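The values are calculated or read from the model by the stated rules, or taken from the named source; none is laboratory data. Quick caveat: nothing in here was measured; it's all calculated off a predicted structure. We place every Cβ from the backbone using ideal geometry, glycine too, and count neighbours over all the protein chains shown. We work out accessible area using only protein heavy atoms, side chains counted, and drop any ligands, DNA or RNA first. Shrake-Rupley method; radii C 1.70, N 1.55, O 1.52, S 1.80 Å.
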Amino acid sequence: MAPQITLYTVGTPNGQKVSIALDELKIDHKVHQIQFSTNEQKEEWFLKINPNGRIPAIVDHSRGDFPVFESGAILLYLAEHHDPDHILLPEDPNQKSEAIQWLMWQMGGLGPMQGQANHFFRYAPEKIPYGIKRYQDETKRLYSVMELRFADGREFLAGPYSVADIACFTWTAVNQWALGPDFSISEYPLVEKWLHRVAERPAVVSGMKPSTIIQDGFRSKITAAEAEARAKEAAKWILAEKEKNAEEKL
């Protein structure tokens, strides 16, 4: 039987969100690993799937090869069309709304802010202390928002496990890539417990496998020197893409 969905992705937090969701729903799918080093995401064939030239994206072959891009939009699409058991979104309308609210919070806050912390701390061609501190502090503030959310004893962000937990987990799990080896998520003990709770799910284990940074207790196993070497290598194509985008005004 042909795969139901093709996932175009890379082992990043946004890509892993969709991998986890597909595994939670047990959807037969094919994975196409996009090659950032060759700027494959800007090739004409991929821009027809995602005009923004970013991962992740999917093509749903069961619905006329329908393409969907943006990780949050993909999670909602999968919940709408492939989740009769309400694994990704609660059936209760209030809990569903809460899950979507926290998904939007991640899309508009946690992801972009931690992503900028990643960039200024790991990839920027020059170290700009203001930029590093600005985005690392905002990332920590957002962790404190989750800590407060769990203060009432809840196990997940929006009632039962949902897209909210998937979306926030993949970013929070790799906290040290943005905040450095001296940071520990144990500074937010309720968030740490939630991370372990989510990480026990089989679909999360399998969905996180493409990760380039293996976590042990949500601390990076790689040394500081290895992390610096990886960052330098990644920075080459990150900055090359920015230059190419500027030239093409994409």
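Taking the chain as a Gaussian network, where each spring joins two C-alpha atoms under 10 Å apart, which residue of M104, M113, M208 fluctuates the most?
For the chain, modelled as a Gaussian network with Cα springs under 10 Å, the answer is M104.
Counting only protein heavy atoms and a 1.4 Å probe, tell me what percentage of the chain's accessible area is made up of carbon and sulfur.
C and S atoms contribute 54 percent here.
Kindly provide the Kirkwood hydrodynamic radius of the chain in Å, to one decimal, from all pairs of distinct alpha carbon atoms.
About 18.8 Å, per the Kirkwood formula over Cα pairs.
Restricting to Cα pairs below 8 Å that are 6+ residues apart, what does the relative contact order work out to for the chain? Please round to a whole percent.
This gives 22 percent for the chain.
Do any of K42/K232; K133/K232; K17/K232; K30/K193 go past 29 Å between their Cα atoms, and which?
Pairs exceeding the cut-off: K30/K193.
When DSSP assigns beta bridges and you keep just the ones with both residues in the chain, what percent turn out antiparallel, to the nearest 5?
That works out to approximately 65 percent antiparallel.
For a Förster distance of 45 Å, can you work out the FRET efficiency between the beta-carbons of E226 and D92, rounded to the nearest 0.05?
According to the calculation, E is roughly 0.50.
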